[in-house]
Structure formats: structure tokens, C-alpha cells
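> Have a look at the structure that comes next, please.
The values are calculated or read from the model by the stated rules, or taken from the named source; none is laboratory data. These numbers were taken from a predicted model, which means no experiment stands behind them. Because the Cβ atoms are built from the backbone with ideal geometry, glycine has one as well, and the counts that use them run over all protein chains shown. Note: accessible area is taken over every heavy atom of the protein model, side chains too, but ligands, DNA and RNA are not part of it. Shrake-Rupley method; radii C 1.70, N 1.55, O 1.52, S 1.80 Å.
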Amino acid sequence: MANHLFDAIRAAASPDAIFIETAEGRRWTYGDMLAFSGRLAGALKRLGVTPGDRVAVQAEKSPEALMLYLACLRVGAVYLPLNTAYTLAELEYFIGDATPHLVVVDPKTRDSVESVTRYHRGTVETLDATGGGSLLQLAGEETDDFADVERGPDDLAAILYTSGTTGRSKGAMLTHDNLLSNALALRDHWRFTSADRLIHALPIFHTHGLFVASNVTLLSGASMYFLPKFDADEALRLMASSTVMMGVPTFYVRLVQHAGLTREATAGMRLFVSGSAPLLAETHRAFSEKTGHAILERYGMTETNMNTSNPYDGDRVAGTVGFPLPGVSLRVTDPETGKTLPDGETGMIEVKGPNVFKGYWKMPAKTAAEFRLDGFFITGDLGKIDARGYVHIVGRGKDLVISGGYNIYPKEVETEIDAMPGVVESAVIGVPHPDFGEGVTAVVVIRSGAALDEAGVLAALKDRLARYKQPKRVLFVDDLPRNTMGKVQKNVLRETYADLYKD
Ligand code: MLC
Ligand code: AMP
């Protein structure tokens, strides 16, 4: 039976070729991948997972966790990965909204997650960082020869939650063809072959590490070093036997500061890709001076996969995200009227193509509001197209902070802070941060006499918000600056605190 995405993965898989090598030297061939994901798919089926069911996964990065994604494709389930940093309070919302048939978590959190899923009739199984857990025990009782479930191009493969501007996260529904078309475009554009070895140090619960890095590797029959997290020493060590690295700008900022980053250390590498947040032109230049490699910057988002990329051959221009990928249409419009602007003018970036998602899970009104009538998706990013056709991202129309490649919607943090006793109001902004690009910063107004300080605010947020969303600093002011309409002027706050994290 045809399974749109997994058939393509299977076709590229040469059973004896290495697919994954871990930091401890554990090796998985493509044959192992096919057998193991088949056993896991069998276990999912035995647990009652049927096509279209959501399978939510909050698990540490491991080859087994990646196999679970593949098993979901094979059984026709909708894979729903969750950031390991999410607190139970955050998890509760995702589980309530997506009502997964199965939730897979680390054994440590099983009991607390079970208390949440009980209301939604989901079951909970476990998977730990070393490949243990109840789900794998069940897989051990299955055979390798799972018959993949039929899935067409428009069937859902995954739902990835992106934070919403009003505080409620939205589940982006991604189809088999959204993922396949984009991975094939990237494979060809970036010249991936089975001879490539990728340094994979990204998390696998977001588009970058899961779809861009893993799907492109799979569809090339290439191999990867699968690392639990980014570590500059380890990445440099592995460059001697690798060909490609993909990372968020923080990876490159840290590498540039490392004495080991030299031409010799990177001599065997053919490509460094950056994305998920803006790469500073100075980082691009410093990297190129030290190594001779021009980092290739590309632009994407959860809802659209990858939209643009700098060229493989030709100028990789610092501060730009290159050209639309084959099959992707991109235009810049007047945010108010929606009219297309001439090249050189700044406006809203809109995209259309096989990469663009199907809509937000159970939110038809929000979905409709973010698409134009002719099918273009309104990204919320502000940009322009220069005379040579390069796309520049010059800002964000959406109130969003990107820290180390993770998105934080200020409203979500402000809502938590505003609920604290003694707080009148707050504004959360992103200001330049030398390591994370932007540092989440809270500016708070408290009632006179209220006994609330920075440590108090941070302590209250501890179990409410994932660590990366928590402000790096909390500052207190008498009043927030407002314009004549009464709207808080976040740009003024960003200017006031622009040097807060300067070295
Ligand atoms: C960790 N911390 C962060 C953070 N990551 N704080 C803010 N922003 C982040 N991104 C916290 C830690 O909990 C810790 O808290 C402290 O900061 C320092 O931790 P660290 O050890 O320095 O962090 P590290 O583990 O090295 O992680 C940094 C990182 C990581 C940048 C390597 O965040 C990362 O891998 N980011 C990648 C995100 C990603 O994959 N984005 C893709 C989204 S998809 P404390 O105080 O407890 O010590 C997408 C679409 C597209 O955007 O286009 O790709
Ligand atoms: P996410 O919702 O996590 O997928 O984040 C997507 C957002 O990240 C985009 O809408 C952009 O704002 C930002 N982004 C991704 N890649 C780049 C890039 N190369 N340069 C600037 N911003 C980027």
C-alpha cells in the first residue's frame, strides 16, 4: 500500500548503509531503521492507534525517539512532538487540545502526565534517553515486517504547536506532501547524497531538527552523528569525519568564539547551514574569515517548512535568506491592503507552495485569517526583495521573541506575570543577547508597597513556563511608555534596554 512520505524514505534506504551514529558510538544502519520503526509501528497498532490518531511525544533525543516519528508515519498516525522543556502546566493544554490517543513521555514524568491524560482517555507509555521504557518493551514483542498503512499526499503526518499571539498555542497541521516536497527540494538544492555525514545537534521536536535535518538525511540515504545537544567542542571534534552541519545562529556564535575553529578543523566539511533566527552578518563574516566557509542561511517556519535559501553555488549573502526554493512563491505585500509591493520596498512576506501547511488544528477562523484568498500564507515576517532577488528579513510584524532559535510569544509570559499579586502590568520584549540573539526581558509595573522583586517573579514562573521562555532579567518601572492610542511602545523599551546584555 502507498504511504506517501515513508515510501520515499524506504526507497532511499540502503539496508547496510549507516544511518545514525550516537556520541557513545551506537550505530544504526538503514536496515535497523526499517526493522525497528516496523516493530514500533506494530506496538502502536497493538495499543489501538489508528490512522489519523495523534501520538504526542515528549521524550529526550535518542535514535529510538526518531524511530517513533517514523513508526507514526508508517501506522498513519499524526506525530505530535513536544519540547522537553515544557512544564506539566504547558503539557496539559496540548493534550487537551490535540486529544492524543497515546502520549509517550520519559518514565520520570509518567505519573504526572497520566493524571492529565486520564480526562482525555489517552494512554501513556514511556521512552527514556537511553532507549528504554515501556513502549520499547512492547516493540520487542513485535516483528520487523510491519505493513505500512496507506497514506496519501494530503493526509496529516504531524502537528507542531507554535505559540499564538493571543497566548493560545496553535497546532500547525502538516501533511505527508508538505514534508516530502520540502525535504526533496532541500536535498537537491543543498546537494545531499548518500556520501554525506551530518552533525545533528538540534532538538527533534521542531521543524529544524526533525524535518529539515532528519528528513533530508533520510531522503538522501546519508548518515548523521546524532548528538543529545549542541556542544562546540564535540561539534569541532566530529567535523573531521563529517560533511555538513545545520544549526541555529547560537551554534555559530559559539563556534566563532572557540579557538578550535580553523580552516584545518573544517577542511572536510562542505556545507554549514543556519536558520530559525537571524544570523548576524558579523557572525557570517567572522566564520568565513576563520574557516573559508560561507554559512548558507535559509528561512522557514513551522507552518511552511523552508521557504528560501541562499544558493549552493553563487553568493551566499550575509544578512539575506537567499531566494525562494523551487516550487515556492514568495511576495512582499502592504500589510494593510495586501497589495504586492515593488522590489526594494519593505512589507509583509507571504508564501505559497506545496510546503505550506493545511491550517491550524481546530481553528478554522485563525487559519482563514492568515491566508489570502489566492492561497498565500501571511508569515508575519517583514522583509524586502533586493535588486538581485535576494530576500531580506528586516523585522517581525508579529510580537515574537526568538531566543536561541526558540520562539517566545510575549503575551504568554505577560499573562503569567500580570496574574502575580502586586503586579499592575508588564511588557515582555526581546533585546540583543550575545549568545541567544535575543534575551527575553520583562519590564514590570508593581503597586506601590508591593513586595515583589526580580527573584520573586522568576520563582513564580519556574513551574509555569518552560525555562527558555523565562525572562533572563526582570526590570521594574513606574510606568510603561504608551503612544497616544494608549498602546505600550515596545520599541521604546527595546531601545532603552538595548545594552542590557552587552558583554
Ligand atoms: C537553553 N536555555 C535557553 C535556551 N536554551 N534560554 C533561552 N533561549 C534558549 N534557546 C537556558 C537553559 O535552560 C539554561 O538555563 C541556560 O539557558 C543556559 O543553557 P545552555 O546550556 O547554555 O543552553 P544549551 O543547552 O546550550 O542550549 C542553547 C541552544 C539550544 C541554543 C543550543 O537552545 C538549542 O539547541 N536551540 C535550538 C532551537 C531550535 O531547534 N529551533 C528550531 C525551531 S524550528 P539555566 O538557567 O537553568 O542554566 C524553526 C523553523 C526554522 O524555527 O526556520 O527552522
Ligand atoms: P517557528 O514558528 O519556530 O517555526 O519560527 C519561525 C520564525 O523564525 C519565522 O517566522 C521567522 O521569524 C524566524 N526565522 C526563521 N529563519 C530565519 C532566518 N534565517 N532569519 C530570520 N528569521 C528567521
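> Grab the Cα-Cα distance for ASP453 and ARG191, subtract it from 0.36 nm times how many residues apart they are, and report the gain in nm with one decimal.
Full extension from ASP453 to ARG191 adds 89.0 nm.
> Could you compute the FRET efficiency for ARG263 and ARG388, with r as their C-beta to C-beta distance and R0 at 35 Å, rounded to 0.05?
Step by step, r from the Cβ atoms, then E = 0.80.
> Using all C-alpha to C-alpha distances in the chain, build P(r) with 10 Å bins and read off the rounded percent in each one.
For the chain, the pair-distance distribution reads 4, 19, 29, 28, 16, 4, 0.
> Let me ask something additional. Carbon and sulfur together cover what percent of the accessible area of region 281-376 at a 1.4 Å probe radius?
Roughly 53 percent of what the probe reaches on region 281-376 is carbon or sulfur.
> Here's another thing I want to ask about it. Quote to one decimal, in nm, the extra length available between ARG482 and THR50 on full extension: 0.36 nm per residue of separation minus the C-alpha distance between them.
Contour length minus Cα-Cα distance gives 150.3 nm.
> Largest first and in whole Å, give the semi-axes of region 1-50's equivalent ellipsoid, each being the square root of 5 times a Cα gyration tensor eigenvalue.
22, 16, 8
> Further, regarding this structure: What does the net charge come to around HIS101 if you take all other residues with beta carbon closer than 10 Å to its beta carbon, with K and R at +1 and D and E at -1?
Summing Lys/Arg as +1 and Asp/Glu as -1 gives +1.
> Peptides 26-38, 334-346: what's the order by average Cβ count within 10 Å, highest mean first?
The packing order, highest mean first, is 26-38, 334-346.
> Per-residue counts of other Cβ atoms within 10 Å, averaged by peptide: what ranking do you get for 169-178, 472-481, 429-438, highest first?
By packing density, highest mean first, the sequence is 169-178, 429-438, 472-481.
> Follow-up question, since we're still on this one. At 7 Å along the Cα-to-beta-carbon direction for both LYS339 and GLU289, put a label point, then send me their distance in nm to one decimal.
Here the modelled spin labels are 4.5 nm apart.
> What value, in deg cm²/dmol to 500, does the helix sum -39500 (n - 2.57) over DSSP H runs of n ≥ 4 give at 222 nm once divided by the residues of the chain?
-8000 deg cm²/dmol
> Between region 55-117 and region 370-433, how many Å separate their Cα centres?
One Cα centre to the other: 26 Å.
> I've got another one for you. Just flag the chymotrypsin sites (Phe, Trp or Tyr not before Pro) in region 304-372 sitting in loop per DSSP whose Cβ has no more than 14 other Cβ atoms within 10 Å.
Counting only loop positions with at most 14 other Cβ atoms within 10 Å, the chymotrypsin sites (Phe, Trp or Tyr not before Pro) in region 304-372 are TYR312.
> While we're looking at this one, here's another question. Binning every alpha carbon pair distance of region 223-341 at 10 Å from zero, what are the percents per bin?
Taking every Cα pair in region 223-341, the percentages come to 13, 41, 31, 10, 5, 0.
> Tell me which aspartates and glutamates have Cα within less than 12 Å of LYS108's Cα, excluding those fewer than 8 residues away on the same chain?
Filter leaves GLU60, GLU125, ASP128.
> So which of LYS45/LYS366; LYS170/LYS384; LYS229/LYS502; LYS290/LYS462; LYS170/LYS339 end up more than 31 Å apart by C-alpha?
Exceeds cut-off: LYS45/LYS366; LYS290/LYS462.
> Given Cα pairs under 8 Å that are at least 6 residues apart, what percent is the relative contact order of region 133-184?
Once normalised by length, the contact order is 30 percent.
> Between GLN489 and THR123, what FRET efficiency comes out of the Förster formula 1/(1 + (r/R0)^6) with R0 = 51 Å and r the beta carbon distance, rounded to 0.05?
0.55
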